[in-house]
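All of the numbers you see were taken from the coordinates with simple rules; none came from a lab. The structure presented is a predicted model; accordingly, all values stated were derived computationally and were not measured. Every residue, glycine as well, gets a Cβ built from its backbone with ideal geometry; the counts of neighbours run over all protein chains shown.
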Amino acid sequence: MQNRAVPDFIYRPPNSPLVILHQDDDLLVLDKPCGLLSVPGKTDNLEDCLESRAQAKFPKAQIVHRLDMDTSGVLIFAMNKTAMRHLGLQFERRKLEKHYIARIHGQPIKDNGSVDLPLRCDWPNRPLQMVCHEQGRNALTHWEILERENDACRVKLEPHTGRTHQLRVHMLAIGHPILGDRFYAGDDALLAADRLQLHAKSLTLHHPSGGERITFTAPVPF
């Protein structure tokens, strides 16, 4: 299945308050809504984002990682430079555990599996990504079916790497695109949901102060 052409886009971020999952001297953990950018875009009409909304209330907050605009769920901010360095190293060294929930089109034969396919940007069709064995960066995703529906499945996704659109492209690559995906889903899968059915449910990390292993979760909205 080929990537879809980049659809026409008008940015209409949701007008919703911050959902704070956790806040202390080192960490700010928010539940990002679907449809809101994590960081500002390159033009003035894309300034509204979770980072700017967070900094309006917590001026010292610095975003540590990102979620796609259409993806909802757990997003971590550092509240000081020491915490930022600590968290950055955890991401760099893959010391975190990230679990996503998605609804995918169709019925995989197996109940679980892994997708190990390298990814790179599809430059003529940015921001789309594509599988490329010659120039792509390694990308690994583990998946497990949680519930089978009529023509869809609810799955748990565990990315071992953090490439752009990794979960979306990997699910497409095994023939089961995520429902509501305006970039990669065919018409049936696209029209089966009114939003991208992808949510960052939990993130487990070592707290910057003391190193305690802690998990933050955000309820799945679909």
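The dipole here belongs to the chain: it is taken about the Cα centre, uses +1 on the Cβ of Lys and Arg and -1 on the Cβ of Asp and Glu, and is about 500 debye. The gain in end-to-end length when the Q55 to R126 segment is fully stretched comes to 22.7 nm, 0.36 nm per residue minus the alpha carbon separation. Close amide H partners of G73, meaning residues 5 or more places away or on another chain with modelled amide H under 5 Å apart, are K32, A200.
Proximity of backbone amide H atoms, modeled 1.01 Å from N, is registered between A139 and L117, L119 at under 5 Å, excluding neighbours fewer than 5 places apart on the same chain.
When each of the peptides 34-44, 162-172, 20-30 is scored by how many other beta carbons lie within 10 Å of its residues on average, the order from highest to lowest is 162-172, 20-30, 34-44.
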